[in-house]
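The values are calculated or read from the model by the stated rules, or taken from the named source; none is laboratory data. Everything quoted here is computed from the prediction, not taken from an experiment. Glycine gets a Cβ as well: all are built from the backbone with ideal geometry, and neighbour counts include every protein chain shown. For the accessible areas, the whole protein counts, side chains as well, though only heavy atoms, and no ligand, DNA or RNA atoms are used. Shrake-Rupley method; radii C 1.70, N 1.55, O 1.52, S 1.80 Å.
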Amino acid sequence: MRALLSTAPGGPETLTLSELPDPVAGRGQVVIAVKACAINFPDVLIIEDKYQFKPERPFAPGGEIAGVIDAVGEGVEDWQVGDRVIAMLGHGGLCEKVIADPAKLYRLPEGRSFAEGASLILTYGTTIHALLDRGHIAAGQTLLVLGAAGGVGLAAIELGKAFGARVVAAVSSDEKAAAARDAGADETLVYARAPFDKDQSKALAEQFKAAVGKGGADVIYDPVGGDYAEPALRSIAWEGRYLVVGFPAGIPRLPLNLTLLKSCDVCGVFWGAFAARDPKANQAHIETLFALWKDGKIAPRVTEVFAFEEGGKAIAKMAARNAIGKLVVEVGR
């Protein structure tokens, strides 16, 4: 089988398309013929050895896939060869075949494409955990979403609206603002590209405040970090919740006096650890996501599909923060 491998730390240009033996399902395992692999920001970090998990090399990036079960190991009862599935892997998805734990599989509904299936669990799973468990979002509240045109950003818009919030989407271009409005955002604002000096930071804070309104943002969803974090925090409501989701713009330093003045919470969001520690709660969230997907209240927005040989280009586009919605690599047909 073919695999796109990381053999040394570095950027997407270091990935090599290689031949590996086909995997064999052991007891309690299945082999999946991968059809689609979604690209996420952890794929940028993991090949540079900057992610919290560092797999032994060589390894393939790609944490979420959709495909067809190719083989079933001894002791597996609920899955059969030919079943269409979504799987969470952590890494390894940019291979034509992968071994997977049946406990981490979800059935891909009929009528849904492999590209859509590969784009659902990580972004929406992260976001539903963030908004409900960490942000305690409620109908009628105001949700400010940074980086609102990316995969998790669009998921936050859709889920925010599904839970009855007023959603303000912050993005870096007019094109991204249009995508946010298409996803259901009530208001959009376009911010400049960081870095910011003191006056620019203050101006961005005023821009956020004007967009969210006098009462401030009850929940702020931040998958961006960097120089955007402090201006956003300055727009938070009394007893608001600031959700720390990611740092593609850098790890920010927040003045903690702001948390005292607003009596607000800064909440970390680590969905992978949550799913491992409380699988029943995570499963309930996933069931909610499938119900919302069926009802048309959420829908993964796959904006670009790359050939397997161009998987590195998909990761490079993610690294450059130019992606709108989800980028997917077509691994097999």
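Some points to look at:
- Residue identified as touching an Asp or Glu at 6+ places or on another chain (Cβ under 7 Å), farther than 16 Å from ILE324 by Cβ and either at pLDDT below 95 or hydroxyl-bearing (Ser, Thr, Tyr) (or both) among ALA229, ALA194: ALA194
- When residues of the range 173-208 are limited to those that are over 24 Å from GLY135 (Cα atoms) and among the hydroxyl-bearing types (Ser, Thr, Tyr), the one surrounded by the most Cβ atoms within 10 Å (Cβ to Cβ): SER201
- Candidates GLY75, GLY62 - the one that is open to solvent by less than 40 Å² (accessible area, probe 1.4 Å) and either closer than 29 Å to ALA284 by Cα or among the polar types (S, T, N, Q) (or both): GLY62
- Matching residues, the range 80-104, being open to solvent by less than 30 Å² (accessible area, probe 1.4 Å) and either in a loop (DSSP other than H, G, I, E, B) or farther than 26 Å from SER18 by Cα (or both): GLY92, GLY93, LEU94, PRO102
- Looking only at the range 238-255, and only at residues there that are assigned to a strand (DSSP E or B) and over 9 Å from ILE220 (Cβ atoms), the one that is most open to solvent (accessible area, probe 1.4 Å): TRP238
- Residue list for the range 293-333, restricted to those being buried (at least 20 other Cβ atoms within 10 Å of the Cβ), within 14 Å of the chain's Cα centre (by Cα) and under 16 Å from PRO42 (Cα atoms): ILE315, MET318, ALA323, GLY325, LYS326, LEU327, VAL328
- Pairs meeting the criteria (first residue in the range 218-244 and closer than 24 Å to PRO42 by Cβ, second residue open to solvent by less than 10 Å² (accessible area, probe 1.4 Å) and charged (D, E, K, R), beta carbons under 8 Å, at least 6 apart or on different chains) are TYR228/ASP222; ALA229/ASP222; ALA232/ASP222; TYR242/ASP222; LEU243/ASP222; VAL244/ASP222.
- Near pairs, Cβ below 6 angstrom, 6+ apart or cross-chain, from the range 3-28 (under 20 Å from LYS317 (Cα atoms)) to any residue that is acidic (Asp, Glu): PRO9/GLU48; PRO9/ASP49
- Number of the exception - PHE290 against (1) of a type outside the set (Val, Ile, Thr); (2) open to solvent by 30 Å² or more (accessible area, probe 1.4 Å); (3) over 15 Å from THR123 (Cβ atoms): (3)
- Residues located in the range 256-298, provided they are in a loop (DSSP other than H, G, I, E, B) and without any contact (Cβ under 8 Å) to a residue 24 or more places away in the chain: LEU256, PHE270, ASP278, ASP295, GLY296
- Breaking point among (1) in contact with a Ser or Thr (Cβ under 8 Å, 6 or more places away or on another chain); (2) surrounded by 16 or more Cβ atoms within 10 Å (Cβ to Cβ), for THR16: (2)
- Any chance ALA139 is out of contact with any helix residue (DSSP H, G or I) (no Cβ under 8 Å at 6 or more places or on another chain), free of Cβ contacts under 8 Å to residues at least 24 places away in the same chain and among the aliphatic types (A, V, I, L, M): no
- Taken together, the residues in the range 120-171 that are farther than 22 Å from THR303 by Cα, touching a strand residue (DSSP E or B) at 6+ places or on another chain (Cβ under 6 Å), part of a helix (DSSP H, G or I) and open to solvent by 20 Å² or more (accessible area, probe 1.4 Å) amount to 1.
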